[in-house]
Amino acid sequence: MTKQFEKSVYLGEPSNVVRMFNEMMADELAITWVGSDMSLRNRTLSLISSQASMPLTFSGNIASSSDALEITKMGFERVCLTTAYLDNPGIASEISGEIGRSSVVLKIPVISHGPHWKIWNWKTSASSGLALERLLQELPAEHLGEIILLSVDRNGMRQGVDEPLLRRLVELEGLRKGYEGGVSSTEDVGYLWSKGIDAVYAASFLMLFGQFRSPLVDYPEFEPQRYLD
């Protein structure tokens, strides 16, 4: 767990976190792997998938369709791309041809530059200089099941939704839309639903408590229909 992708917080053993989300009947769990030990990764993912009672999405070190297929064989329903897609946009069609369009998610981390957005580079922890607008104009929607726009400025900050970024996300057509960054309450979640967002990602809101960001897994009861009527 991070704050603007720095100051990581240890949440506990993965199996315990999964068990708690099982008990709270979470809708979906998205896992990101940041290590380099693939043997440990595979053991951990297999453990998580064997215990989880909700759909699973995985991101991290997916560089080919064979990597994606390996993840689905471990019990994960979807794979999420970021760096691999930015390096090679054609990978989306390769993976969707192997595991199906609905199983391919694209997450784009962005940072604001005045009235515009630039894509964030995970490796350098800085703006890549690539414009979000150009990427969206060339988006291969026919090979994607969902796109997530992630506000780096608001990652882990719990200061509310990035309104300009949300408006740009709402304009997209032809695929499911996910939002991440700044969510601080069930009201924020409901607001995003009311704007037509299909999936809300809110790790800090669900797993850290108070000003000291103490680990505390929670999953409030949501009433989607309340915001969609």
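Most mobile of 28, 138, 94 per a Gaussian network model of the chain (Cα springs, under 10 Å)?
138
What is the sum of charges around residue 81, taking Lys and Arg as +1, Asp and Glu as -1, for the other residues whose C-beta is under 12 Å from the C-beta of residue 81? Walk me through the numbers before you get to the answer.
Details: positive: 78, 107; negative: 67, 87, 94, 146.
Summing Lys/Arg as +1 and Asp/Glu as -1 gives -2.
Student exercise: in the chain, how many lysine pairs 8 or more apart or on different chains have Cα atoms under 17 Å apart? Write down the numbers at each step before the final one.
Values: 3/123; 7/123; 107/118; 107/123; 107/177; 177/195.
Within the chain, the lysine pair count is 6.
Mind running the shape call on region 28-157? Use the C-alpha gyration tensor, a ≥ b ≥ c as the square roots of the eigenvalues: rounded below 1.5 for a/c, prolate if a/b tops b/c, oblate otherwise. Write out the running numbers ahead of the final one.
Numbers: a/c = 1.95, a/b = 1.48, b/c = 1.31.
Prolate, because a/c is 1.5 or more and a/b exceeds b/c.
Under 5 Å between amide H atoms, partner at least 5 residues away or on a different chain: which partners does residue 117 have, H built in plane at 1.01 Å?
132, 133
Rounded, prolate or oblate for region 81-186? Axes are the square roots of the Cα gyration tensor eigenvalues, ordered a ≥ b ≥ c, and the cut-off for rounded is a/c under 1.5. Intermediate results must be reported in sequence, preceding the final value.
On the way: a/c = 1.79, a/b = 1.43, b/c = 1.25.
It comes out prolate by the Cα gyration axes.
Tell me, what ³J(HN,Hα) does each residue in region 180-185 have, in order and in whole Hz, if you take phi through Karplus 6.51 cos²θ - 1.76 cosθ + 1.60 with θ = phi - 60° and put x for Gly and Pro?
Computed from phi, the couplings for region 180-185 are 8, x, x, 4, 10, 7 Hz.
Please compute the contact order of region 14-228 in relative form: average sequence separation of alpha-carbon pairs under 8 Å and at least six residues apart, divided by the residue count, as a percent. Please list the in-between numbers first.
On the way: 352 pairs, mean separation 28.8, N = 215.
Relative contact order, region 14-228: 13 percent.
Just rank 219, 191, fewest to most, by other beta-carbon atoms within 10 angstrom.
Listing 219, 191 from fewest to most nearby Cβ atoms yields 219, 191.
Only bridges with both residues in the chain count here: give the DSSP antiparallel percent, nearest 5.
Details: 10 of 34 bridges.
Counting only bridges with both partners in the chain, antiparallel ones make up about 30 percent.
Sum -39500 (n - 2.57) across every DSSP H segment of at least 4 residues in the chain, then divide by the residue count to get the 222 nm mean residue ellipticity, nearest 500.
Numbers: 10 runs with 81 residues, N = 229.
It comes out at -9500 deg cm²/dmol, rounded to the nearest 500.
Only the coordinates and a few stated rules stand behind these numbers; no lab work does. Everything numeric in this text was worked out from a predicted model, so none of it was measured. Methodologically, a virtual Cβ is constructed for each residue, glycine included, from the backbone with ideal geometry; neighbour enumeration extends over all protein chains shown.
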